[in-house]
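Let me begin by presenting the structure, written as C-alpha cells, before commenting on it.
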Amino acid sequence: MNEKISIIVPVYNVDKYLEVCIDSIINQTYKNIEIILVDDGSTDKSGRICDEYAKKDDRICVIHQVNQGLSKARNIGFSASTGVYIAFVDSDDFISPVYIETLYKIILRYNADISVCEYTQEQNDIDTKYLPDNNKEYKKDAVTMLRQWHGKLKQIETVAWNKLYKREILESMSPEIFPTGKTHEDVYTSHLFVEKASGIAITNRKLYYYRKRDNSISRKRTKESIRQDLEAQQARLLYFKSKKMYVAYVRLWIGHILHRMMYVCQKK
C-alpha cells in the first residue's frame, strides 16, 4: 500500500530553523506525502521561506493566516489536509529520513490507529538507520496505554508530534481537535486520541529531533503559562478519575502538585 500521508507544520517566527525542518520532510524515504505549512502570522522571514519551498516542491501547500496560536494552526492544517494518515511536526524540529516510512509500516503491521516513535534532544542521536540492532516494536491497546499513563512511556505520551494518526481518530474530535487559545494543547488532548484508538503501535527508534529553545512557548515559565498548565493538568486529572484509572490518576496528581508549587513560587 502507498496511501497519502499529510504532514502538518505550524510555523511562527522560526526562520533560523525552518529550512532544516522542511528539508527533513521533503527528503523522506516515503514519497506519497503532502506537506501543509501553516504560517501563523510570522513577522520574520518564515512566511517567505514557506513560499519559496512551495515553488520547488508541488507536494507543499502554504497557508498564511493572522496569528491565532499553535492549536488553531494545527486545526487549520488538518482541515486543509487530504491524507489517509496525519502527522504533526513542529517547525523548529526535524525528523529522520525514515520517520514517516517507519511509522507507516508499523501502523499497518500491527493494525493500529496510532503509531509512535521515541525522540531525542541530541542531534547526533537521531536514528537514520533502517534496521538498528536494538530495534523493538510492540502494540498496546488503549486501556493499557492509559492505565500506564505517566509510567515508563511518559517521554513519548503527551505530545502531538512523534506520532502518525489514522485520519478518523482526529476527525472524531472535529471541528476543534486542539483547544484554541490554550498553550498546553497536547496535555488536553493526547489521552483523548489514545482513548479513541483500537491500538497503538510503538517503536523505540529515535526518529524525531525535538529542539529545546529558551524562547519557545513550552519553555517560557510565566505566571500565565503555569496557570494554563495547571488548568490542563486539572482537566486530565478529572478524566482519569472519571475512568477510575487510579494508578495513572495518582501519578498525574503528584505531577500536578509539583506544577502548583512552581506556580506558587512564581507568584512570589
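The values are calculated or read from the model by the stated rules, or taken from the named source; none is laboratory data. It should be emphasised that the depicted structure is a prediction, and the values quoted were computed from it without experimental measurement. Quick reminder, even Gly has a Cβ in these numbers, built from the backbone with ideal geometry, and neighbours come from all protein chains shown. When the accessible area is computed, the model is the full protein with side chains, heavy atoms only, and any ligands, DNA or RNA have been set aside. Shrake-Rupley method; radii C 1.70, N 1.55, O 1.52, S 1.80 Å.
Would you tally the residues in the stretch 13-70 being without any contact (Cβ under 8 Å) to a residue 40 or more places away in the chain, part of a helix (DSSP H, G or I) and open to solvent by 50 Å² or more (accessible area, probe 1.4 Å)?
6
Taking the condition open to solvent by 30 Å² or more (accessible area, probe 1.4 Å) and in a loop (DSSP other than H, G, I, E, B), does THR144 pass?
no
Would you point out the residue of the stretch 71-84, among those that are open to solvent by less than 50 Å² (accessible area, probe 1.4 Å) and part of a helix (DSSP H, G or I), that is farthest from ILE7 (Cα to Cα)?
Per the criteria, the residue is SER71.
Six or more apart or on different chains, Cβ atoms under 6 Å: show the pairs whose first residue is in the stretch 150-174 and basic (Lys, Arg) and whose second is modelled with pLDDT of 95 or more and not in a strand (DSSP E or B).
LYS166/ASP113; ARG167/VAL84
State whether one or more residues within the stretch 100-123 are within 19 Å of SER190 (Cβ to Cβ), touching a residue at least 60 places away in the same chain (Cβ under 8 Å), in a loop (DSSP other than H, G, I, E, B) and among the small types (Gly, Ala, Ser).
Scanning the stretch 100-123, I find at least one residue that is within 19 Å of SER190 (Cβ to Cβ), touching a residue at least 60 places away in the same chain (Cβ under 8 Å), in a loop (DSSP other than H, G, I, E, B) and among the small types (Gly, Ala, Ser), so the answer is yes.
Just one of the numbered conditions (1) open to solvent by 30 Å² or more (accessible area, probe 1.4 Å); (2) in contact with a Phe, Trp or Tyr (Cβ under 9 Å, 6 or more places away or on another chain); (3) modelled with pLDDT of 90 or more is not true of ALA160; which one?
(1)
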